[in-house]
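Down below is the structure, laid out as structure tokens.
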């Protein structure tokens, strides 16, 4: 049986990671190099909503899977680093399969 909140967290982890990269490497260059500031407004809003959802699901998954504070902090800190969420993907996959002990 899979931990549903951990599965949801793994999905939002990936989506939020892509939105962060889109903001940094597509929208911001469009703003500063091409003078198109609307790109940052749109992508920034989407990323902000996804980040809030990421934080909410992190707390739910932390409670359900009974992660240590250190592991949860690592997931949170990794979300602040470009490409960081992709390095935690395998760790999340291992938690998806753990039972509800």
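For the range 70-86, what are the residues that are in a helix (DSSP H, G or I) and farther than 21 Å from residue 2 by Cα?
Quick first cut of the range 70-86, residues in a helix (DSSP H, G or I) only: 70-79, 84-86.
Those that are in a helix (DSSP H, G or I) and farther than 21 Å from residue 2 by Cα: 70, 73, 74, 76, 77, 78, 79, 84.
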TODO: Name every residue in the range 1-10 that is within 15 Å of residue 91 (Cβ to Cβ) and part of a helix (DSSP H, G or I), in order of residue number.
DONE: 6, 7, 9, 10
Task: Lone unmet requirement of (1) part of a helix (DSSP H, G or I); (2) within 22 Å of residue 97 (Cβ to Cβ) for residue 67 - done: (1)
Open item on the list: Looking at residue 40 and the list (1) closer than 15 Å to residue 8 by Cβ; (2) surrounded by 15 or more Cβ atoms within 10 Å (Cβ to Cβ), which single condition is not satisfied?
Closed with: (1)
Open item on the list: List the residue pairs whose Cβ atoms are under 6 Å apart, where the first residue sits in the range 73-101 and is at negative phi and at pLDDT 90 or above, the second is part of a loop (DSSP other than H, G, I, E, B) and surrounded by 11 or more Cβ atoms within 10 Å (Cβ to Cβ), and the two are 6 or more positions apart or on different chains.
Closed with: 75/88; 78/88
Task: Matching residues, the range 43-59, being surrounded by fewer than 16 Cβ atoms within 10 Å (Cβ to Cβ) and in contact (Cβ under 8 Å) with a residue 40 or more places away in the chain - done: 53
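Mind telling me which of the residues 54, 83 ends up being under 19 Å from residue 22 (Cα atoms) and in contact with a helix residue (DSSP H, G or I) (Cβ under 7 Å, 6 or more places away or on another chain)?
Values: 83 fails: in contact with a helix residue (DSSP H, G or I) (Cβ under 7 Å, 6 or more places away or on another chain).
Testing whether each residue is under 19 Å from residue 22 (Cα atoms) and in contact with a helix residue (DSSP H, G or I) (Cβ under 7 Å, 6 or more places away or on another chain) leaves just 54.
The values are calculated or read from the model by the stated rules, or taken from the named source; none is laboratory data. Just so we're clear, the structure is a prediction, and the values are computed from it rather than from any experiment. Here the Cβ is made from the backbone with ideal geometry for all residues, glycine too, and neighbour counts use every protein chain on show.
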